[in-house]
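What follows is a short report on a single structure.
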Amino acid sequence: MAESGWDAWMVESLRRYNDLHVFELQEPTRVLEWIQDRSVCVAGYSAGRKNEIQELSLPQKLSAKEKQGLCPERDFHVEHGGFSQRPIYQLKHIAGTSLLVSSGPPDSSLQVWCLAADESDTISLLTTSPLTTAVSEWSRISVSCSPTPRVLHGSKISDLAIQEIVTQSVLFSGAGVEDNEPISKLDFLDHSTFIVCSMNGHLWLADTRQCPSLIGHSSLPASSGGGSHWTMGLAPGCSMVGRLSSAGQVVVTDYRDLSKALGQVELAVPRPLANSDHLCLTWAPRLQQHLAVSGFNGNVHIYDTSSWSSSPGRVEPTFVHRGHSVSAEPEQDLPLVTTHTWHPWKERVLLSAADDGSLHVWDWTACTSA
């Protein structure tokens, strides 16, 4: 956008944001992974070149209790850094440890990294986990620290597996399951149960203590058809799960009862979506019944789900972060938001990244409309 357009948006932001921090990464990222609540990891995802992994400490002003005002400046700091020989599509930190697990093309192998604990500022590759099956698609991953560090991974339902990080022993395998639906997202619920969302929007529950382990399967309500790609997001601290489609539909379900939808809505987002690789739905950890979605354009939309019902309807966002779009130059294509995440304890603070390398941290106000 022209400089005057950026300036106009910044002036408008004085009313719409309590805080706004703008940062330019050396390369775009599709991961924003929290290290406790003091820093985040970012990583490049380009093919055919080295990709940098960095742990970035957040701006100090975001840790202050009093209001600090707008601060669009380069005030992130690199705590640790390293390089990957592969693109990094997903990266997870194992809580309570210095371990990171990453995945990405060209195959389903996993990489285990370590944040240096001494005076060194390096992120070092420890191991590359061998393939459990001969799969060419990259693995979706989730990690757990209890009772031992472990990773849940798979690219389709039939190759789901849980491996112990240190020994690389397989604790669970989905081998024998005759379902080749590709996986879009998976998450541990606890150390023995997990949930999986397929690209087609089906939900699977699994309990590794039972046989067969896949104990639940949820199809989508008939009224939620459309959308060639689905992803999911778990609400922290409760049993709600939201599914988001590339057609802009959201279905909210309680995973304890997969037989019915608690909410079905059509979002006010651009359609059709040509590239669904970056679809993202996240629930606010400290702002009850709020969720954020991105991946449709250069915006992040926030919705209040408290009034959603099982009867389908169109909803408008409570707030829209347009910062990535307005920063584009006139001759450039508009950026696409690749991922976003909520701050662990600041209820209205989010981080968002786009494919132009921009990284924003923003605290939106509750008194403004979208």
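The values are calculated or read from the model by the stated rules, or taken from the named source; none is laboratory data. Keep in mind it's a predicted model, so treat the numbers as computed, not measured. Please note: Cβ atoms are built from the backbone with ideal geometry, for glycine as well, and neighbour counts cover all protein chains shown. Keep in mind that these areas ignore ligands, DNA and RNA; they rest on the heavy atoms of the full protein, side chains included. Shrake-Rupley method; radii C 1.70, N 1.55, O 1.52, S 1.80 Å.
A few comments on the model shown:
- From S307, S228, residue being surrounded by fewer than 20 Cβ atoms within 10 Å (Cβ to Cβ), free of Cβ contacts under 8 Å to residues at least 12 places away in the same chain, in a loop (DSSP other than H, G, I, E, B) and out of contact with any His (no Cβ under 6 Å at 6 or more places or on another chain): S307
- So L220, is it within 23 Å of L336 (Cβ to Cβ) and not in a strand (DSSP E or B): no
- Some residue of segment 277-296 being among the charged types (D, E, K, R) and closer than 29 Å to Q26 by Cβ: yes
- Condition check for V269: in a strand (DSSP E or B) and closer than 21 Å to T339 by Cβ: no
- The set of residues in segment 147-174 being small (G, A, S), in contact with a Gly (Cβ under 9 Å, 6 or more places away or on another chain) and open to solvent by 10 Å² or more (accessible area, probe 1.4 Å) consists of S158 alone.
Conditions (1) at pLDDT below 95; (2) open to solvent by 20 Å² or more (accessible area, probe 1.4 Å); (3) in contact with a strand residue (DSSP E or B) (Cβ under 6 Å, 6 or more places away or on another chain); (4) in a strand (DSSP E or B), marked per residue:
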{"position": "G233", "(1), (2), (3), (4)": "no, no, yes, yes"}
{"position": "V241", "(1), (2), (3), (4)": "no, no, yes, yes"}
{"position": "A274", "(1), (2), (3), (4)": "yes, yes, no, no"}
{"position": "T282", "(1), (2), (3), (4)": "no, yes, yes, yes"}
{"position": "I302", "(1), (2), (3), (4)": "no, no, yes, yes"}
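- Annotation note: of S124, S120, the sole residue that is in a loop (DSSP other than H, G, I, E, B) and either hydrophobic (A, V, I, L, M, F, W, C) or within 30 Å of V78 (Cα to Cα) (or both) is S120.
- Members of segment 98-118 found to be in contact with a Leu (Cβ under 9 Å, 6 or more places away or on another chain) and open to solvent by 20 Å² or more (accessible area, probe 1.4 Å), listed by number: S98, L99, D107, C114
- Of the numbered criteria (1) at pLDDT below 75; (2) over 15 Å from V349 (Cβ atoms); (3) not in a helix (DSSP H, G or I), the one K67 fails is (2).
- Whichever residue in segment 70-97 is of a type in the set (A, V, I, L, M) and at pLDDT below 95 and, among such residues, is surrounded by the fewest Cβ atoms within 10 Å (Cβ to Cβ): V78
- Members of segment 19-55 that are within 24 Å of T365 (Cβ to Cβ) and either in contact with a Phe, Trp or Tyr (Cβ under 7 Å, 6 or more places away or on another chain) or open to solvent by 10 Å² or more (accessible area, probe 1.4 Å) (or both): D19, L20, V22, F23, L32, W34, D37, V40
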